[in-house]
1. Might you let me know whether region 68-87 holds any residue that is assigned to a loop (DSSP other than H, G, I, E, B) and more than 15 Å from Gly36 (Cα to Cα)?
2. For region 28-50, state whether one or more residues are under 25 Å from Val15 (Cα atoms), among the acidic types (Asp, Glu) and touching a strand residue (DSSP E or B) at 6+ places or on another chain (Cβ under 8 Å).
3. Just checking, which of Asp20, Asp75, Asp13, Asp86 is closer than 19 Å to Val124 by Cβ and surrounded by fewer than 16 Cβ atoms within 10 Å (Cβ to Cβ)?
4. Output the residues belonging to region 90-100 that are among the charged types (D, E, K, R) and surrounded by fewer than 13 Cβ atoms within 10 Å (Cβ to Cβ).
5. Would you mind stating whether Asn67 is surrounded by 10 or more Cβ atoms within 10 Å (Cβ to Cβ) and under 16 Å from Ile6 (Cα atoms)?
6. Report, by residue number, each residue of region 23-53 that is exposed (fewer than 12 other Cβ atoms within 10 Å of the Cβ) and in a loop (DSSP other than H, G, I, E, B).
7. Cβ-Cβ distance below 7 Å, separation of 6 or more or different chains: which pairs start in region 106-125 with a residue that is hydrophobic (A, V, I, L, M, F, W, C) and end on one that is not in a loop (DSSP other than H, G, I, E, B)?
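Quick note: the coordinates plus some simple rules give every number you see, no bench work behind them. Owing to the predicted nature of the structure, the values given are computational and were not obtained by experimental measurement. Neighbour counts are summed over all protein chains in view; Cβ atoms, including those assigned to glycine, are modelled from backbone coordinates with ideal geometry.
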Amino acid sequence: MVIVVIHWKIKPDMVDEFLDFWRTSAVVTDREGLVGEFLSEGHSTAEFDWITWPMTGCEGKYRSFVNVGYWNSADEFQAQVGRYFDASAGPQDFEAEPRLRTALKPKFWRIGDSRLPIHDSDGVQ
């Protein structure tokens, strides 16, 4: 398994364009190797006082969104998503700064009694 994390820094006045892009253009057509993918917005310590990695405070410059994808393998991620990465293309119009990406390979894990949602969220293709 590989976990791919992408930190998007989105211009405050273009959040809707980004969310539309993620839902409708950044489509994973073959999901056989995809366990789950989640686009989330950062929260502040005012919302959750236990946060030690705040992703807020730069709202004048950008809003942070983090995409976390769980894939069966790095090869499956590369075949479906990674092959589209082109550093020479530069950032999208809605990006305040280029996105950051990393890959994590789990060493150990726990599986709880809860399960991933069984359907996409509304509007996601």
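1. Filtering region 68-87 for residues assigned to a loop (DSSP other than H, G, I, E, B) gives 72-73, 81, 85-86.
Now restrict to residues that are more than 15 Å from Gly36 (Cα to Cα): 85-86.
Checking region 68-87: at least one residue is assigned to a loop (DSSP other than H, G, I, E, B) and more than 15 Å from Gly36 (Cα to Cα).
2. Let us first name the residues in region 28-50 that are under 25 Å from Val15 (Cα atoms), namely 28-29, 36-48.
If we keep only those that are among the acidic types (Asp, Glu) as well, we get 37, 41, 47.
Filter once more, keeping what is touching a strand residue (DSSP E or B) at 6+ places or on another chain (Cβ under 8 Å): 37, 41.
Yes, region 28-50 contains at least one residue that is under 25 Å from Val15 (Cα atoms), among the acidic types (Asp, Glu) and touching a strand residue (DSSP E or B) at 6+ places or on another chain (Cβ under 8 Å).
3. Values: Asp75 fails: closer than 19 Å to Val124 by Cβ; Asp13 fails: closer than 19 Å to Val124 by Cβ; Asp86 fails: closer than 19 Å to Val124 by Cβ.
So the residue among Asp20, Asp75, Asp13, Asp86 that is closer than 19 Å to Val124 by Cβ and surrounded by fewer than 16 Cβ atoms within 10 Å (Cβ to Cβ) is Asp20.
4. Filtering region 90-100 down to residues among the charged types (D, E, K, R) leaves 93, 95, 97, 99.
Passing the criteria: only Asp93.
5. Numbers: surrounded by 10 or more Cβ atoms within 10 Å (Cβ to Cβ): yes; under 16 Å from Ile6 (Cα atoms): yes.
Yes, satisfied.
6. Matches in region 23-53: Ser25, Thr29, Asp30, Glu32, Ala46, Glu47, Phe48, Asp49, Trp50, Thr52, Trp53.
7. Leu116/Gly36; Val124/Arg23
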